[in-house]
Amino acid sequence: MTALPLWLRSGRVQIGLVLLAVVTFCALFAPFLAPNDPNEQNLLATLLPPMWMTGADPAYPLGSDSLGRCILSRLIYGARVALTVAFFASLGAMILGAVLAHVAGYFGGWVDWLIGRVVDIWLSFPPVILSLILMVGLGTGLQNVILAIILVDWTRFCRVLRSDVMVVARRDYVAAARLLGFSHWRTITREIAPATWPLLITLLSLEMGVAVVVEAILSFVGMSVGADTPAWGQMIADARQDLYLAPWTLIAPILAVFATVFAFNILGDGLRRSLDTRLTQTERA
């Protein structure tokens with residue numbers, strides 16, 4: 001029997017993958033899993049409790065909100081928005097940040113100074129405030145949410161990865177590649193980039209959790225997707241007025257955000273511990 005890869009043996013990675021598999025399954029098969037239309041309103045069945053409480057309706061397993069919409073159905077469909085933003089926004093921020101980090105770390109000098117100053121200026125703005133400002137200019141919509149997160153969070157990748165690139169660029173095999181006549185592009189892509197992949201993958205996983213939170217904040221203030229698209233932050237905003245009458249309407253989306261972010265974070269931590277050879281050698285010692 002083929003042994004599992006080292007990174008897949010980590011308990012943290014396994015827990016994170018299982019949780020993300022559940023969320024992804026819900027997002028992909030939402031039309032088949034949701035018991036009701038997430039936008040269907042039933043004003044005769046408002047604020048129904050979950051099925052384990054007195055007065056529940058089996059048609060609404062997790063109860064209903066103030067407009068009689070099924071909470072479970074909205075949670076399932078909300079996973080689509082959260083994972084779409086998490087994947088595409090994080091991937092875009094990773095690509096932009098990684099390219100600039102490799103350019104800055106490899107060439108150094110004035111190139112590194114210029115990119116470093118841009119990063120410093122960009123980081124001087126609070127991320128959430130900057131996201132809100134960008135959304136005001138871009139307008140609402142899923143694509144604009146993804147673009148706003150990319151424009152804000154690329155600096156996370158650039159700042160952290162740049163240091164790793166600088167260390168790798170000074171290694172002997174990189175100098176040997178340059179002496180053999182490798183072009184700058186080939187040196188970066190063939191010699192430096194592969195050595196930074198473990199850190200990059202870890203940062204990508206952690207950024208996905210950040211993207212889920214940012215999207216929830218934007219949808220909470222009504223600057224993400226439209227009202228006809230279920231989103232977890234939107235559910236939290238709608239549940240505030242009924243907090244004391246029906247606390248489950250608020251708890252359910254909060255737990256969904258928490259579980260998804262926890263999955264990305266524990267996956268990222270597990271990957272960091274498994275893929276970073278320095279940490280692996282320290283733990284063995």
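The values are calculated or read from the model by the stated rules, or taken from the named source; none is laboratory data. Keep in mind the model is a prediction, meaning the values are calculated, not measured. All Cβ positions, even for glycine, are placed from backbone atoms using ideal geometry, and neighbour counts span all protein chains on display. Quick note on the areas: whole protein, heavy atoms, side chains included, nothing else; ligands and nucleic acids left out. Shrake-Rupley method; radii C 1.70, N 1.55, O 1.52, S 1.80 Å.
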* What does the accessible area per residue of the range 63-112 come to in Å², with a 1.4 Å probe and no ligands, DNA or RNA counted? -> 32
* Structure fact -> Counting Lys and Arg as +1 and Asp and Glu as -1 over every other residue whose Cβ sits under 13 Å from the Cβ of ASP172, the net charge comes to +2
* Computed E for ILE95/LEU67 - FRET, C-beta separation, R0 35 angstrom, nearest 0.05 -> 0.30
* Stretch gain in nm, segment ILE129-ASP37, where the contour uses 0.36 nm per residue and the Cα spacing is subtracted -> 29.7 nm
* To do: Report the label-to-label distance for LEU243 and GLN143 in nanometres (one decimal), using points 7 Å from each Cα along the Cα→Cβ vector.
  => 3.7
* To do: Calculate for the chain the 222 nm mean residue ellipticity that helices alone would give, adding -39,500 (n - 2.57) per DSSP H run of length 4 or more and normalising by residue count, nearest 500 deg cm²/dmol.
  => -23000 deg cm²/dmol
* Structure fact -> For the pair VAL111 and PHE29, the simple spin-label estimate (label points 7 Å beyond Cα toward Cβ) gives in nm 4.9
* Structure fact -> Checking THR24, THR189, THR202 against a Gaussian network model of the chain (alpha-carbon springs below 10 Å), the top fluctuating residue turns out to be THR189
* Asked: In whole Hz, what ³J(HN,Hα) sequence does the range 159-175 give by Karplus (6.51, -1.76, 1.60; θ = phi - 60°), x for Gly and Pro?
  -> 5, 6, 6, 4, 4, 5, 5, 4, 5, 5, 5, 8, 6, 5, 5, 6, 5
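Counting only protein heavy atoms and using a 1.4 Å probe, what share of the accessible area of the chain belongs to carbon plus sulfur, as a whole percent?
That fraction is 68 percent.
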* With the other protein chains left in place, how much accessible area per residue, in square angstrom, belongs to the range 147-268 at a 1.4 angstrom probe? -> 47
